[in-house]
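Reviewing the structure listed below.
The values are calculated or read from the model by the stated rules, or taken from the named source; none is laboratory data. What you see is a predicted model, and the numbers here were worked out from it, not measured in a lab. In this analysis, Cβ positions are derived from the backbone assuming ideal geometry, glycine residues included, and neighbour counts consider all displayed protein chains. Just so you know, the surface numbers come from the protein's heavy atoms only, side chains and all, with ligands and any DNA or RNA stripped out. Shrake-Rupley method; radii C 1.70, N 1.55, O 1.52, S 1.80 Å.
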Amino acid sequence: MRSPMDEQTFLEFYKNTMLCGSNNFQLFVCKKLEAEHRITFEEQVKIDDKIDTMFFESKRDYKGIISKTTTANSFIDFYEELEFKKLYKYSVPFFFELENGKTIDDILSEKGITFFDKENFETDFVIDKSLKEAKPMALKDGDNFFIKFVLQKAYVQPETYEQIGYRYPIVIVINPTIGILEIRYDSLRYSFGEQIDREAYSKIVTACIDWIKTTINVELFCCEHTDTIKIINDNQNTDVRMYKQMMELKDGGSAELTASESADYVLPFIGELRELIDENEELFNEADEVKQILLQYLNEKEATASYPYIYVKWVKPVETQSYIVKLTFDFFNGKYTLLQHITGSCKDLGMGRMNDAIEYLSNSGSFVKGETI
């Protein structure tokens with residue numbers, strides 16, 4: 001384990017991490033802060049306000065709200081809990097079995113893993129660089145267990161060439177009711193010109209699997225997906241629909257079939273986009289933020305490659321609450337299934353939609369227990 005940071009440096013990691021997030025996510029966090037009475041926009045104190053409730057004049061200043069709350073020691077508990085419960089971009093699910101007579105509670109207690117206590121949380125001001133060094137922390141929410149690791153990562157700020165350190169949480173979610181365990185994680189940030197590690201995400205998943213097997217001693221099984229497409233298409237639940245799927249052709253090519261929708265999610269070719277940026281360098285340099293967003297997107301696509309997949313849409317009465325999940329089969333050397341949670345126009349950026357998606361895929365029989373890992 002690394003030596004502790006000084007408090008201000010440690011808090012800057014929260015700020016940098018949050019300011020890396022999308023505007024929609026920052027707005028989501030500000031609404032959550034207000035709902036929990038951690039911030040207020042009213043000068044007059046209310047009965048629900050806390051001792052450390054911060055006053056802000058404008059709800060539109062969400063970057064200012066984020067900057068101030070993340071660098072205040074009294075808000076550490078809020079941001080620590082958020083990392084357990086937020087929406088992650090990726091998840092890799094597995095079926096699991098426990099040793100006879102054991103419960104997750106028993107195992108975590110035996111291994112001395114600390115449970116998060118929001119009311120009495122105290123940090124050790126340490127962020128490790130590898131999962132093997134990192135100290136896990138657990139949270140129980142309903143019947144589900146969450147085990148969180150936080151790693152420190154860095155990227156280069158393109159305008160100043162300054163190294164920006166940020167937090168990179170990885171969460172293992174255990175749902176004993178359906179017997180499924182998920183490894184949840186986000187996109188890594190890439191610096192301009194940085195060599196892409198195509199194994200970065202598979203290393204994260206492999207390290208988590210090793211930790212699960214050696215520390216909590218559960219037996220893991222792949223998610224068998226042979227009938228997934230048929231079950232989703234045949235299911236009478238019209239709230240869950242096939243949205244798009246990849247078809248592999250006999251000549252070695254492939255085609256993407258999209259369901260009838262007003263929005264088009266077909267992705268452009270990575271190489272052609274990079275060429276477009278290079279050919280119009282002066283124009284893109286005038287809009288550097290747009291350029292960086294595009295490059296981040298292209299780096300992400302290269303790191304995750306392209307495999308046969310389907311898109312499934314969860315349709316809600318209010319369209320901004322609907323969401324799409326991309327299921328990539330036989331990922332990471334053909335071993336696992338990857339779920340990519342598409343943000344799109346969905347305003348729900350909490351963990352609820354991730355929990356609902358995996359429960360549906362399990363309960364519907366779309367995923368069944370496969371081979372032992």
Requested in this report: Give the calculated FRET efficiency between F41 and K316 to the nearest 0.05, with a Förster radius of 22 Å applied to their Cβ-Cβ distance.
Outcome: 0.15
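Loop-only GluC sites (Glu not before Pro) in the stretch 1-54, please: DSSP not H, G, I, E or B, and at most 11 other Cβ atoms within 10 Å. Mind showing how you got there, number by number?
Numbers: sites: E7, E12, E34, E36, E42, E43; in loops: E36, E42, E43.
Filter output for the stretch 1-54: E42, E43.
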Report task. Work out how much length N280 to R60 would gain on full extension: take 0.36 nm times their residue separation and subtract the Cα-Cα distance, in nm to one decimal. Result -> 75.8 nm
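List the pairs from K85/K244; K89/K135; K111/K244 whose alpha-carbon separation is above 32 Å, in the order I gave them.
Working: K85/K244 28 Å; K89/K135 23 Å; K111/K244 43 Å.
Violating the 32 Å limit, Cα to Cα: K111/K244.
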Report summary line: For K135 and T214, extending 7 Å from Cα along the Cα-Cβ vector and measuring point to point gives, in nm, a value of 1.9 nm
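So for D288, D6, what's the accessible-area order with a 1.4 Å probe, most first? Mind showing how you got there, number by number?
Values: D288 40, D6 90 Å².
Highest to lowest solvent-accessible surface, that is D6, D288.
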Report task. Using only Cα positions of the chain, each an equal point scatterer, no hydration layer, compute I(q)/I(0) via Debye at q = 0.08, 0.14 Å⁻¹ and quote the log10 values to two decimals. Result -> -0.45, -1.42
Report task. Sticking with the crude label model, points 7 Å out along Cα→Cβ, report the distance from T343 to D330 in nm, one decimal please. Result -> 3.2 nm
Query raised in the report: Regarding the stretch 38-161, what whole-number volume in Å³ per residue does the convex hull of its Cα atoms give?
Result: 186 Å³
**Report entry** Amide hydrogen neighbours beyond the local backbone of I39, cut-off 5 Å, H modeled
**Finding:** E34, M54
Report task. With a cut-off of 12 Å, note down the residues of the stretch 56-87 whose backbone N falls inside the zone around a label point 7 Å from the Cα of L19 toward its beta carbon. Result -> 63-71
Query raised in the report: Of the peptides 157-165, 211-219, how do they stack up when ordered by the mean number of other Cβ atoms within 10 Å, highest first?
Result: 211-219, 157-165
Query raised in the report: Among the lysines, which have Cα under 21 Å from the Cα of K369 when same-chain residues fewer than 8 positions away are ignored?
Result: K102, K213, K230, K326, K335
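Could you order the peptides 48-61, 310-323, 172-185, 142-155 from most to least packed, using the average number of other C-beta atoms within 10 Å per residue?
On the way: 48-61: 12.4, 310-323: 15.9, 172-185: 20.5, 142-155: 18.4.
By packing density, highest mean first, the sequence is 172-185, 142-155, 310-323, 48-61.
At 222 nm, what value in deg cm²/dmol follows for the chain if DSSP H runs of at least 4 each add -39500 (n - 2.57) and the sum is divided by all its residues, to the nearest 500? Write out the running numbers ahead of the final one.
Values: 12 runs with 120 residues, N = 373.
Per the formula, -9500 deg cm²/dmol.
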